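S.K.: Below are the structure tokens for one structure; questions will follow.
The values are calculated or read from the model by the stated rules, or taken from the named source; none is laboratory data. What you see is a predicted model; the values in this text were computed from it and never measured. So basically every Cβ, Gly included, is an ideal-geometry build from the backbone, and we count neighbours across all protein chains shown. Surface areas here come from the heavy atoms of the whole protein model, side chains and all, with no ligands, DNA or RNA. Shrake-Rupley method; radii C 1.70, N 1.55, O 1.52, S 1.80 Å.
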Amino acid sequence: MMTRSISTYLGLFLSLLVSPICRGVEPIKHAFMATGNETFISDENGKATWTYPASSRDGWVLADGHILLALSKNKAYPGGAAVVVDRAGKTLFEFKGTQAEVNTVQPLDGGRVLLTEAGNHPRLLEVGTDGKVVVEVPLQAQTKDHHLQTRMARKLPNGNYLVPQLLDRVVREYDAKGKVLWEVKTPHMPFTAIRLDNGNTLIGCTLGNLVIEVDAKGTEVWRVTNDDLPNKPINDACGIQRLPNGNTVITSHHATSGQTKLTEVTRDKKIVWTHTDARKSGIHHFQILDAAEKPLGTAQYR
């Protein structure tokens, strides 16, 4: 009995020696903005510091502190909307959707906003600060299910557009005239697609509960699934973000109260941070922020 007790205490002592606290390493913390049935900003301690009284699909905290949101369709916006609001909730910019849904927003240079409209005529739009359409790009997507047409479309530095198309199970790169220049088939419905600096594309595959990375030829070079992680934390891998340190954060859109909503994994698939809260709703997409609740640097890998 004494030997076991000594071994137990020795093991505890050694575990403390290698713990982050004893090594002087601060535990990972993240502030973030969340979109979904609940729209809010959380500080590094998990406390909500800002909320918005409407469901949202996509969103960004801007450099000036204002918030750009793609709003879900509701009574005020039957076709969804793209809005910019200040921290008091005042609307500074508004574009009302003209079809079924607005599912994407992205801030562009000069104050323009990128958005997608789902409907019988799926399209991607660039809208000026005056709310007028500046660029219109037709998208080649199925029209039998508007909700599952597209999600987190992003404009690329080369001027093209990267568009995940859910029910079609494909990610396509379009030029400004709507011509498909590149595409890759996905193992499940793609929700988020991120073009990385090395030319690879990181893709979150919703109900497949997985994230893949493919090279310029479409060859898979990395994958993480629930089978790689303890307790299988991924529950509808919608939004993802690649952090500057190379780690990947994955949301669980179908998570509910007391379940893991965000999971950060390293390249070798080790979990280094999670977020859990009491909200009944999961997180549709998110933006990891710094301690001051501002965007992480200039590169936005989301």
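S.K.: How many of the residues making up the stretch 58-78 are in a loop (DSSP other than H, G, I, E, B) and either of a type in the set (F, W, Y) or in contact (Cβ under 8 Å) with a residue 40 or more places away in the chain (or both)?
M.R.: Selection size over the stretch 58-78: 4.
S.K.: Within the stretch 83-104, track down each residue that is assigned to a strand (DSSP E or B), of a type in the set (D, E, K, R) and open to solvent by less than 40 Å² (accessible area, probe 1.4 Å).
M.R.: If the condition is that a residue be assigned to a strand (DSSP E or B), of a type in the set (D, E, K, R) and open to solvent by less than 40 Å² (accessible area, probe 1.4 Å), then E101 is the only one that fits.
S.K.: Further question on the same structure: State all residues of the stretch 173-220 that are over 19 Å from the mean Cα position of the chain (by Cα) and of a type in the set (K, R); if no residue qualifies, say none.
M.R.: K177, K179, K185, K217
S.K.: Moving to a separate point now. Could you look through the stretch 105-131, keep only residues that are assigned to a strand (DSSP E or B) and of a type in the set (A, V, I, L, M), and pick out the one that is nearest to G178 (Cα to Cα)?
M.R.: Checked the stretch 105-131; the qualifying residue nearest to G178 (Cα to Cα) is L124.
S.K.: Here is a follow-up. Out of all the residues in the stretch 115-128, is one or more open to solvent by less than 50 Å² (accessible area, probe 1.4 Å), among the charged types (D, E, K, R), in contact (Cβ under 8 Å) with a residue 40 or more places away in the chain and touching a Pro at 6+ places or on another chain (Cβ under 8 Å)? Let's see the steps before the verdict.
M.R.: Step one: list which residues in the stretch 115-128 are open to solvent by less than 50 Å² (accessible area, probe 1.4 Å), which gives 115-119, 122-128.
Retained after the next criterion (residues that are among the charged types (D, E, K, R)): 117, 123, 126.
Remaining after also requiring in contact (Cβ under 8 Å) with a residue 40 or more places away in the chain: none.
No, because not a single residue in the stretch 115-128 is open to solvent by less than 50 Å² (accessible area, probe 1.4 Å), among the charged types (D, E, K, R), in contact (Cβ under 8 Å) with a residue 40 or more places away in the chain and touching a Pro at 6+ places or on another chain (Cβ under 8 Å).
S.K.: If you scan the stretch 151-160, which residues turn out to be open to solvent by 40 Å² or more (accessible area, probe 1.4 Å) and not in a strand (DSSP E or B)?
M.R.: Keep residues of the stretch 151-160 that are open to solvent by 40 Å² or more (accessible area, probe 1.4 Å), which gives 155, 157-158.
Scanning the stretch 151-160 gives P157, N158.
S.K.: Which numbered condition trips up G80, out of (1) open to solvent by 20 Å² or more (accessible area, probe 1.4 Å); (2) over 15 Å from the mean Cα position of the chain (by Cα); (3) modelled with pLDDT of 95 or more?
M.R.: For G80, the exception is condition (1).
S.K.: Restricting to the stretch 270-295, count the residues that are touching a Leu at 6+ places or on another chain (Cβ under 7 Å) and either open to solvent by 10 Å² or more (accessible area, probe 1.4 Å) or charged (D, E, K, R) (or both).
M.R.: 5
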